[in-house]
Structures are given as structure tokens and as C-alpha cells.
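For reference, the structure discussed in these notes is given below.
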């Protein structure tokens, strides 16, 4: 049964005209969120003219005002309640001094206990006579006053090592004097074994020399001073 109309798929039929308004296609992928507005360009500190990326021409005077590559910005002044960081060399010097001093004191005390026990357990004659006389001589020399420098210098170094952390300018001077006095006495005591003294001297010199680098001097010099409290007259 026919109606007299020509089918659009028949041969020679004219194509279907497109719609007047374009039709949007909503497929499985929906449109994403809208893009945010571009951020405004912020002014660069120290530049009086517009930066090069804004399209403004770059003048020679502007290039001369730019900091050199790799130059760090000037450090702002410290606030009244803010403290600058302590140099690592101060902690290194204090650690070397306190560690070596405590190890020496502990080792010397253990040796004296062993020597005192050995003189009581061993006899002065026979095969144990040599060991007995060596231990007895060490105990006698310690009793004659040798214990004063052997214990005094390590304890002094421990005290001055902790004082280094208190940010007192006299602390590193006292620590250096204690180290120099210990080396002078050790040179006399170990005059027959200079190689052992040289090993000790290298350790002490390294522990003291790191206190005299410029950063340590600036840290001690920047210590905030407390204003003296006094009476004020009013009226």
C-alpha cells in the first residue's frame, strides 16, 4: 500500500535537511568543571618596572638592578624574641670534649680498681711478681698526687664543654685554655712516648680549633644583652 510520497531512502530522493538549531550531544562523557580564572601577576620585590613576562620591554637599567645568579636574599633582622641557630661546630666541640673526658675518667677508674684488686690477689714474688710490682707502682703514683691532673683536666674539659652551649663569650676561651694546659702537662708526662702524645694532641687541637671559625664568633657576638635593671626617678 502506497501513499504517493517518495521515501527518503529511495533512489533520487533529496537528503533530509539539517535542523535549524544544532543539537548538543550528551554522551557518556560529561563536560568537566569550568577552568578557574588565571591568577593575577604579582609584583616582584625590588623591581620598579613590570617583569619581562608581562610583555613590557626590558631595559638595560632594569637588568642592572637584578641580583646576580645564585645570590641569596639579605637576611632580615632578628626579632626581639627570636634566636639565631647555633653553629654545628659548637656542638661538635662539646661532644668531642665531653665524650673523651668521660671515657678517660671511666677507664682510669676501672684500671685503678683492677690494680688495687690485683695487688691484694697477687704475691710480690714468683711468676706473678712482675705484674704485682707494675700494679703496685701505679697505685702508689696515683696516691702521690698523679690523680689530680689525670682527673682534673678531664673534669675541667667536661665543665667548659657544657658551658659552650650557654652562649657566653668566655666559655670558648676557658675551653681553649683548659685544652692547652692539658696538652702542656701531657707533653711533660709522656716525654718518653711522643707518639702517644701526638695522637692526643691532634684530637684536642681539632676539638678546640672548630671553636674559632668566623660563624662561631658571630654567634657569640650576637648574644642578646639584658638591659641592667635600676631605679628610676619620676616626678
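The values are calculated or read from the model by the stated rules, or taken from the named source; none is laboratory data. Computed from a predicted model, the values in this text were never measured in an experiment. Backbone-built Cβ (ideal geometry, glycine too); neighbour counts: all protein chains shown.
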Does residue 134 qualify as being at pLDDT below 90 and surrounded by 12 or more Cβ atoms within 10 Å (Cβ to Cβ)?
yes
Taking helices (runs of 4 or more DSSP H) that do not extend beyond region 155-229, which have at least 2 residues that are touching a helix residue (DSSP H, G or I) at 6+ places or on another chain (Cβ under 8 Å) and within 19 Å of residue 108 (Cα to Cα)?
169-189, 194-209
Taking the conditions exactly as written (modelled with pLDDT of 90 or more, under 18 Å from residue 107 (Cα atoms) and surrounded by 13 or more Cβ atoms within 10 Å (Cβ to Cβ)), does residue 152 satisfy them or not?
yes
Criterion (modelled with pLDDT of 85 or more and loosely packed, with under 12 Cβ neighbours inside 10 Å) met by exactly one of 113, 108
113
